[in-house]
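*Asks:* Structure below; questions to follow.
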Amino acid sequence: MVSVRSLSGELWRDETLLIEGPASLHILSGEGTVFGAIVEEGEEVLVRKGKRLPLTPRTDRMSYEAKVAGDLIKIEGDAIPLSWKAAADAVASAKGRAVVLGGVDAGKTGFCTYLTNRAVLGDVCVGYVDGDIGQPETGPPTTVTAIMAKGQSHSLGGFRASSMYFVGHTSPTLCQERVVDSIERCALDLEARGAGLVVVNTDGWIKEGGLTHKATLVERLGADAIVSLLLPGEESILKGEMAESRELIRISRPDHVKARSHDERRENRERGYRAYFRDALRRSFGIDEVRLINSPLRYSGKPERAVLDRLSGQTGLRVVYYEGAPEVLVAIEPGAELCHMGGFDVLRFGWERGVVVGLLGGGAGAIGLGIVLDIDYWGRTIELLCPAAITQMPAAIEFGSIRLGEGFRESYRLS
């Protein structure tokens, strides 16, 4: 069981309090900022597990009380580097499209939050694109999302996504072109809504083709500003991958960024799924009423009992579904999820359970996500777990590469 401590204290103008979640902090007196967002007396700062936020006083003295299951760390000085302040002011005044690049746990999301808050404070209409499909801030994993920043906030995840595009993976290495397309669509959506500045956050994939992918993204977007948290050698590689020479706005990596292990990043995704499906309901859709994309089956018609009995005798399996061209069986008993037997591809009965799917609208975007619970081959229905807020009938259901088990633990499905 997690131990929660009740703590209180004071901060002075030349100090910063690093709030490591899970924690909630209440401002008793004074005023401060978190990533440029002003927090005043009586307000509360909530920090979820796996995050660390810097609170810096704006007044000479500031007092607080907190409930902490994580940690509170007091440091000297301002946690926001001077290079962040100069870069944020320059980008906010120039407007356009700004792409933020950097490795894993380099401070990209922190800078995007700071930049957004500084721009909002300057009366700039700001849109934000979360292009990190594995560690997103504003949407569930497997998606690229966009928000309009309606005001200042110490967490961009507090805004509701105005656009969502389903990618179906949590690693960009498997879907590079689709990630770029989705980010570009989000930017266009935000600009259509009136955004004068579009801030694009990216994933931390740098090695083994990652910088080539980032160069493609920058060029596709026609970025007006490229903000770099890359190392010098990484910047050189990026410039070499771009068709035209571009200047980078270099900013320093803050010392306070929390580094996360592979397991911590996986747990963060699981929390993201859990939060997204918190109020989910079971919904059933007719297979003949929606288009199914990226499924190993075509669901071309109801199976004939005589054909299933013949195939069961031929293979020695209990076959419950069959379709031809290509020859695919769904059977109760094969040990592996997918195997090849007697000229047939054989899927294990229940192969679909737990697969994360995108619920696609009439256009290119998604209206949300679902988790497959069951496919009824005789009743020709697919049953999903969907957020209660989704009431629209999807035009299509797209199968992704991620399966969620107990506790929203991830595994990959066979594609």
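*Asks:* Go through region 178-232 and give me each residue that's of a type in the set (A, V, I, L, M, F, W, C), touching a residue at least 12 places away in the same chain (Cβ under 8 Å) and part of a helix (DSSP H, G or I).
*Replies:* V179, V180, I183, C186, A187, L190, L211, A215, L217, V218, L221
*Asks:* Looking at (1) touching a residue at least 60 places away in the same chain (Cβ under 8 Å); (2) over 25 Å from C186 (Cβ atoms), find the lone condition where A364 falls short.
*Replies:* If we test A364 against (1) touching a residue at least 60 places away in the same chain (Cβ under 8 Å); (2) over 25 Å from C186 (Cβ atoms), just (2) comes out false.
*Asks:* State which residue pairs qualify: first residue surrounded by fewer than 21 Cβ atoms within 10 Å (Cβ to Cβ) and inside region 60-71, second residue of a type in the set (F, W, Y) and in a strand (DSSP E or B) in any location, beta carbons under 7 Å apart, and separation of 6 or more residues or different chains.
*Replies:* As it stands, the answer is D60/W12; R61/W12, since those pairs meet every condition given.
*Asks:* Being surrounded by 24 or more Cβ atoms within 10 Å (Cβ to Cβ) and in the same structural domain as R178 (by TED's automatic domain parsing) narrows it down to one residue among V129, V34, V124; which is it?
*Replies:* The unique qualifying residue is V129.
*Asks:* So, one more: I need a count of the residues in region 370-415 that are in a helix (DSSP H, G or I) and of a type in the set (G, A, S).
*Replies:* 1
*Asks:* Name the single residue that is nearest to the chain's Cα centre (by Cα) among those in region 34-62 being among the β-branched types (V, I, T) and in a strand (DSSP E or B).
*Replies:* The selected residue is V47.
*Asks:* Picking from R246, R220, R274, R253, which residue would you name as being more than 21 Å from V144 (Cβ to Cβ) and surrounded by fewer than 15 Cβ atoms within 10 Å (Cβ to Cβ)?
*Replies:* R246
*Asks:* Quick one: which strands (runs of 3 or more DSSP E) sit completely within region 254-362 and have at least 3 residues that are more than 22 Å from the chain's Cα centre (by Cα)?
*Replies:* Qualifying strands (runs of 3 or more DSSP E): 280-286, 319-323, 328-331, 338-341, 344-348.
*Asks:* Could you grab me the full set of residues in region 390-404 that are surrounded by fewer than 19 Cβ atoms within 10 Å (Cβ to Cβ) and either under 19 Å from the mean Cα position of the chain (by Cα) or of a type in the set (D, E) (or both)?
*Replies:* I390
*Asks:* Quick check on this structure: which one of D89, D123, D132, D78 is at positive phi and either over 26 Å from the mean Cα position of the chain (by Cα) or outside any helix (DSSP H, G or I) (or both)?
*Replies:* D123
*Asks:* Going residue by residue through region 284-297, is there one that turns out to be crowded, with 16+ Cβ neighbours inside 10 Å and either of a type in the set (F, W, Y) or within 30 Å of A94 (Cα to Cα) (or both)?
*Replies:* yes
The values are calculated or read from the model by the stated rules, or taken from the named source; none is laboratory data. The model shown is predicted, which means the values in this text are computed figures rather than measured ones. Every residue, glycine as well, gets a Cβ built from its backbone with ideal geometry; the counts of neighbours run over all protein chains shown.
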